[in-house]
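Reviewing the structure listed below.
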Amino acid sequence: MTANLLSSEPYKILVVDDTPASLKLLTDIMKSEGYEVRSAINGELALNAAAISPPDLILLDIRMPEMDGFEVCKRLKAAPETQEIPVIFVSAASETDEKVHGFALGAVDYVTKPYQRDELLSRVKAHLELHRLRHHLSDMVDERTAQLLESEQKLKTNLLDSVSMLAAIVEMRDPYTAGHQRRVAEISVAIAKIMQLTQTQIEGIQLAGVVHDVGKIKIPSEILVKPSQLSNIEFELIKTHAQNGYELLKTVDYPWPIAQIVLQHHERLDGSGYPYGLKADQILLEAKVIMVADVVESMASHRPYRPGLGIEAALKEIETHRGTAYDPAVVDACCKLFREQGYVLSQ
């Protein structure tokens, strides 16, 4: 039985497809993994089923008569009782603009037919776990706070464990950057210590660094691991991960501005960053630290579309844009960390 993380009950999945053979195949695959599965052969039945007994996740076809999957998703997201249910499109429609439209309507993922069974199950598992973690993490934090008032350090450790679980889910879908978030967090903390930031700031930087790319959970896997240059529309989709991460984290009452740091980690001092083109003092210092660490780790490490460029190339990049894109104090601390203190990236 595939039980959810927070109870012994199996996850409930609603499968929607107008083709009986496809509907049966999806249903059988999900049932074989221990999920509790209901099926619907058209959009109207799907909406009724979701309203009567909301599932934990919906697998939704797009090209259906009378009411297509896009309209079904739109109506699900408009209804309070179903708007938070993760929707994964499973469709033969493979055009990028269709995928972008699906994400704009609120879908969390897109699987193209014909699909690999293991890949489909991996995505389903990742989104089920993320959904439950997102909606219960705040309660978990409150409960643990009440239980651990006598041990502040133990509470902070549990918070780190919780956000690390979110980071691990992202890396399940993007093996090429496994460890990236952890390494960025480590570099960020080391920079913050050189800058003599407060312990509270350092703790917030560490937690935000661990989950700074959590919004990539909503980016299609084939784009994340694409071994060639991204198209303009694919790059625009990648850029949504900062906002996605903010939306995932904003409801959790952390003692630090984690969601805002995640939202701002791709902003730049001169306003050339995203998602909002913030400038200078509009950007949190913690985000300025993580943005530099993120650039250095990304350039120095291997990516599917290029080999690692090395630390020195990464340091030259941030020095070139010192004071324009990146905060001078952060750049100076980062260069000192690697050149004078001999810091070495962990594996």
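Residues that are buried (at least 18 other Cβ atoms within 10 Å of the Cβ), free of Cβ contacts under 8 Å to residues at least 60 places away in the same chain and more than 20 Å from Asp109 (Cβ to Cβ) within region 204-238 comprise Gln206, Leu207, Val210, listed in sequence order.
Ala167 meets each of the listed conditions (1) closer than 17 Å to Asp61 by Cβ; (2) surrounded by 13 or more Cβ atoms within 10 Å (Cβ to Cβ); (3) small (Gly, Ala, Ser); (4) modelled with pLDDT under 90 apart from (1). For region 262-292, filtering for residues that are of a type in the set (Asp, Glu), more than 21 Å from Thr198 (Cβ to Cβ) and surrounded by 21 or more Cβ atoms within 10 Å (Cβ to Cβ) leaves 1.
Taken together, the residues in region 253-303 that are of a type in the set (Val, Ile, Thr) and touching a strand residue (DSSP E or B) at 6+ places or on another chain (Cβ under 7 Å) amount to 1.
Taking the numbered list (1) at pLDDT 95 or above; (2) of a type outside the set (Phe, Trp, Tyr); (3) surrounded by 15 or more Cβ atoms within 10 Å (Cβ to Cβ) in turn, Arg303 passes all entries but (1). Among the residues of region 240-266, the one identified as among the hydroxyl-bearing types (Ser, Thr, Tyr) and part of a helix (DSSP H, G or I) is Tyr246.
Can you name the residue in region 106-136 that is closer than 16 Å to Gly215 by Cα and among the hydrophobic types (A, V, I, L, M, F, W, C) and, of all such residues, is surrounded by the most Cβ atoms within 10 Å (Cβ to Cβ)? It comes out as Ala107.
Of everything in region 44-62 that is in a helix (DSSP H, G or I) and touching a strand residue (DSSP E or B) at 6+ places or on another chain (Cβ under 7 Å), the residue that is surrounded by the most Cβ atoms within 10 Å (Cβ to Cβ) is Ala46.
Among the residues of region 30-43, the ones that are farther than 18 Å from Glu9 by Cβ, touching a helix residue (DSSP H, G or I) at 6+ places or on another chain (Cβ under 7 Å) and assigned to a loop (DSSP other than H, G, I, E, B) come to 1 in all.
Do we find a residue being at pLDDT 90 or above, farther than 30 Å from Glu340 by Cα and touching a Pro at 6+ places or on another chain (Cβ under 7 Å) anywhere in region 197-209? No, the conditions are met nowhere in region 197-209.
The values are calculated or read from the model by the stated rules, or taken from the named source; none is laboratory data. All figures in this text were calculated on a predicted structure; none of them were measured in a lab. Cβ atoms come from the backbone with ideal geometry, glycine included; neighbour counts cover every protein chain shown.
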